[in-house]
1. Small (Gly, Ala, Ser) and touching a His at 6+ places or on another chain (Cβ under 8 Å) - does that describe any residue in the stretch 58-67?
2. Mind checking which residues of the stretch 109-127 are touching a residue at least 12 places away in the same chain (Cβ under 8 Å) and farther than 26 Å from Asn67 by Cα?
3. Pick out the one residue from Tyr93, Tyr139 that is in a strand (DSSP E or B), hydroxyl-bearing (Ser, Thr, Tyr) and surrounded by fewer than 18 Cβ atoms within 10 Å (Cβ to Cβ).
4. From the list Val150, Val110, which one is open to solvent by less than 10 Å² (accessible area, probe 1.4 Å) and either outside any loop (DSSP other than H, G, I, E, B) or at positive phi (or both)?
5. For a quick check of your reading of the model, give me the residue pairs whose first member lies in the stretch 53-81 and is on the phi > 0 side of the Ramachandran plot and open to solvent by less than 10 Å² (accessible area, probe 1.4 Å), whose second is of a type in the set (D, E, K, R) and at pLDDT 95 or above, with beta-carbon atoms closer than 9 Å and at least 6 apart or on different chains.
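The values are calculated or read from the model by the stated rules, or taken from the named source; none is laboratory data. No experiment lies behind these values; they were computed from the predicted model shown. Note that we place each Cβ from the backbone using ideal geometry, even for glycine, and neighbour counts take in every protein chain shown. With ligands, DNA and RNA removed, areas are computed over all heavy atoms of the protein, side chains included. Shrake-Rupley method; radii C 1.70, N 1.55, O 1.52, S 1.80 Å.
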Amino acid sequence: MNTKKKFLAPALAAFLLIGPAIEPANAAHPPWNQKTKCEAKDPDGRRIPTRYGNSHLGWNHLSGKHNVKKCAFITSALNGDVDEEHGPRLVYYGNAVRPGKKVIKTRVIVQYARQTNEKKKEDRYTVKKGEVIGVITAYCYGMNKCPHWVNE
């Protein structure tokens, strides 16, 4: 058996046993977890999930990059009306209040559609029919990371 066949045979066998990756081979974004971490309803009755996601969107993104560790941070903003609407992209404003000390403005960005709106189709995130992407990110306005007290 030549060297090419020695290499290709095990690789082909592994592919056939394991199968293709979760995401299509042409997906430009990293795989993402579509399971729901938490969910809220806004005053208009929209059911908005916060999916675990990945480092680009969802819980894994906002809990790491922006230090949001409690679903209540998201729910408090979603309890109010939509403050900005850009097609299926909704923005909710909120406040994180430290009693007697400080108020920080918060933002929750939601994609209320079955897929995100990246220009290239292969860059889009998609969920199954009848579902919505949900929370893309949540953060403290004007800062990269929220202070730890917003999670108390």
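1. The answer is no, given that none of the residues of the stretch 58-67 is small (Gly, Ala, Ser) and touching a His at 6+ places or on another chain (Cβ under 8 Å).
2. Listed by number, the residues that qualify are Arg114, Lys120, Glu122.
3. Numbers: Tyr139 fails: surrounded by fewer than 18 Cβ atoms within 10 Å (Cβ to Cβ).
Selected residue: Tyr93, the only one of Tyr93, Tyr139 that is in a strand (DSSP E or B), hydroxyl-bearing (Ser, Thr, Tyr) and surrounded by fewer than 18 Cβ atoms within 10 Å (Cβ to Cβ).
4. Val110
5. Close Cβ pairs (under 9 Å, with a partner that is of a type in the set (D, E, K, R) and at pLDDT 95 or above) amount to Gly53/Lys37; Gly58/Lys37; Gly58/Arg51.
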